[in-house]
1. For the rotation bringing A onto B, which A residue has its Cβ nearest the axis, and at how many Å?
2. Taking the label point as lying 7 angstrom from Cα along the Cα-to-Cβ axis, what are the distances from B:Ser369 to the corresponding position in the remaining copies, in ascending order and in nanometres?
3. Distance cut-off 26 Å, Cα to Cα: go down the list A:Lys126/B:Lys91; A:Lys391/B:Lys126; A:Lys46/A:Lys253; B:Lys185/B:Lys253; A:Lys391/B:Lys76; A:Lys10/A:Lys157 and report the pairs above it.
4. Taking neighbour Cβ counts within 10 Å as the exposure measure, how do B:Met258, B:Met359, A:Met230 sort from fewest upward?
5. Could you run the Karplus curve 6.51 cos²θ - 1.76 cosθ + 1.60 with θ = phi - 60° over the stretch A:33-45 and give me ³J(HN,Hα) per residue in whole Hz, x for Gly and Pro?
6. Per 0.36 nm of contour for each residue apart, how much would the distance between B:Asn265 and B:Asn50 grow if the chain were fully extended, relative to their Cα-Cα spacing?
7. If each residue's Cβ is checked for other Cβ atoms within 10 Å, how do A:Val6, A:Val328, B:Val406 rank with the fewest at the top?
8. Taking the 0 to 90 degree range and rounding to the nearest ten, how far is the long axis of helix B:350-364 tilted relative to the main principal axis of chain B, both from C-alpha atoms?
Protein chains: 2
Amino acid sequence: MDMSYVKKLKCLLCGTEYGSDEVKYNCPNCGDEGVLEIIYNYPEIKKVFNQESLIKNQEYSMWRYLPLLPVDDPTKIGPSKVGWTPLYEAKRIREDLGMPNLWIKDDGRNPTASLKDRPSAIALVKAQELGEKIVTCASTGNAASSLAGAAASVGLKSYIFVPQTAPSAKIAQLLVFDSTVFAVKGTYDEAFDLSIEATREFGWYNRNTAFNPYMVEGKKTVALEIIEQMSFEVPDYLFVPVGDGCIISGVAKAYKDMFSLGFINHLPKLVAVQAEGCKPIVEAVNSDGEVKFVEPNTIADSIAVGIPRNRLMAVRDVKESKGFGVAVSDKEILEAIKYLGTTQGIFAEPAGSTAFAGMIKALQEGIISKNDKVVVLVTGSGLKDVESAKKAGGRALIIDPTLEAVKEIIN
Amino acid sequence: MDMSYVKKLKCLLCGTEYGSDEVKYNCPNCGDEGVLEIIYNYPEIKKVFNQESLIKNQEYSMWRYLPLLPVDDPTKIGPSKVGWTPLYEAKRIREDLGMPNLWIKDDGRNPTASLKDRPSAIALVKAQELGEKIVTCASTGNAASSLAGAAASVGLKSYIFVPQTAPSAKIAQLLVFDSTVFAVKGTYDEAFDLSIEATREFGWYNRNTAFNPYMVEGKKTVALEIIEQMSFEVPDYLFVPVGDGCIISGVAKAYKDMFSLGFINHLPKLVAVQAEGCKPIVEAVNSDGEVKFVEPNTIADSIAVGIPRNRLMAVRDVKESKGFGVAVSDKEILEAIKYLGTTQGIFAEPAGSTAFAGMIKALQEGIISKNDKVVVLVTGSGLKDVESAKKAGGRALIIDPTLEAVKEIIN
């Protein structure tokens, strides 16, 4: 068994440091808000992970970045091909918007069609390293289906908590992956609390965001890829959809890792994008940083999170980056779905198009300018929420099978 | 403009050869059944495409095989990353079935989540080379959404004909890609005929299977990848779901290409798998080769094709390969969805799991044996047909957000 380059797990609140065998979830002193951060031994990593090793590396998946991941036993890595999703130069959108330096990362191209396959792949490695047989999480849907798929692929059992309102495609995925699915009569926030209780009661391995300290590490691989796909050029702004705030902290961590290793010499400004009907992080980063809980009300189910579990880290990361927050309406989110599909053939779910909608808004309001170097993160596929896609997309024309019927419409 | 290595287009029926500028669709002499095959200049291809060039090739997409594709102007290649989908060694399935030499190719991992992105990408290159502005096709759904996505990504307009019964996810995709969607009150077969009529009437560029001669060339890239991913080892059997019969001919073409180029020294046996409720090709290959048309009746919409347009070529290819046909029930197709999800975390649509169901059946019936080298092709993602997935998957447990509710179920 190789051991990872993880040096310590450090509490975001009290700063206490733990060895990886001393703690499983959050800081024992600080409770829920005491999210742990993973600290690496960068000088040792540099010896095996550098420009030269990357050029030779033929592994085109998230495991390309293994030395930067909390994996003690690489034999526990699951079989699904996660990561190395396309970063598009988005030529037609560049031309349409007059933005010559725009990139779009399509992370809907993962095994279960969302970015969440990255952290879930890490969760299954950790669960197996610990000898666990059952994994669990609470999720708006994507973390759930990714965890269930990853568990199935290595033969572990999964118990999943989702709000009863999760889109049916996400629930169907869970069931095909043979999860036991608890559709909770309540919000994601209630499902989250219940899953923690059940974890304590039954001793399952829990993957919840900002509870399991390793999830940020999985999520950061999306930005490690962006960095390499952009040949180590750093964008001015990176637009990220925010629910719990774990993805945006993953993006921050990737850039900090690569900065620590000398691949890049500065960091991008991170822009947190949320829906108007659920924007606690946006309000916090645009003001004094205090996060006020809300009742979510948005079509973007994946980011309908009223109590953002990774709030402290996310707000810190956006503020440190000199970034900001933008909120967009559900209408703007649906328009962004249609725009991404129509101009670039990218089919995003509502949360997946949210960052793009936020970028458009920031551009219209003059917060960013057309020549800025901008990356937009699309986090999930539109196939996961067809009902919303239908609202974005328009209508099919039902016709008799005759040429006359076609002619009538064309002319 | 580079010119492709296409030498001639040759009619399957009468053998007449045409230059690529002499003909657009089927053989003018033979009509509908006169499907054209693309003949390459292999000696010239060998100069630029060989073991050495492949090792150096950093393009991990279908365009990796550019010298073997009918592309005259590579600047017309669209931006979406198509192909280089994972070939899984499927360890858990190998163990469960006692088949140590089983591989599964998951082609649901394409931009619009089906194999059809490959031929559609070729169609858009050809359309642009000809200066066309509008593309069209008839489709059970996947060819449609792939064509629409590819067209959107390069700024062409698409008019799409689907049977009104196509799954709603596929129609939603079309609309997000801004297609004009004709949902025809009739079968796929009627939609097909109507699209040909409309093509003649309006002069659009048509991508229909076994009408546009280049589609087999796009489809073959799935097997070019399999060949390379298996390090040029040839399986004993390759299981392929069959509707029109164009994918299986693509697979045959890939192996013939690689044989002609000296990469491999024999060809695999091709197994055509269809649903019990629609098995004209299976019956033909298992008997005298004559294809009798049927009224389709199966849950596997993508292969619900009663009049297989590429029937002659498909039957020839299976027979030449010394392969055979297998038909599976809708129940077996749904069981295969669940099995692939549960054991390997692969989420297939009904047609996508059909080949796997056929492999199980052939194994049970002793037509193949456990030690045979077998590749199974999964052609589309389960997210494209959630209603069927629900039938395969079981039910979520709706609970109050209390630990007691969880306990009641667990205990």
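Read-outs throughout are calculated quantities, based only on the coordinates presented, and are distinct from any laboratory measurement. The model shown is predicted, which means the values in this text are computed figures rather than measured ones. Neighbour counts run over all protein chains shown; Cβ positions are idealised from the backbone, glycine included.
1. Per the A/B rotation axis, the closest residue of A reads A:Leu383, 2.
2. Nearest to farthest, the other copies are at 7.4 nm.
3. Exceeds cut-off: A:Lys391/B:Lys126; B:Lys185/B:Lys253; A:Lys391/B:Lys76; A:Lys10/A:Lys157.
4. A:Met230, B:Met258, B:Met359
5. 7, x, 5, 9, 9, 8, 9, 9, 8, 5, x, 6, 4
6. Full extension from B:Asn265 to B:Asn50 adds 75.9 nm.
7. By the 10 Å Cβ count, ascending: A:Val6, B:Val406, A:Val328.
8. For helix B:350-364, the angle is close to 70 degrees.
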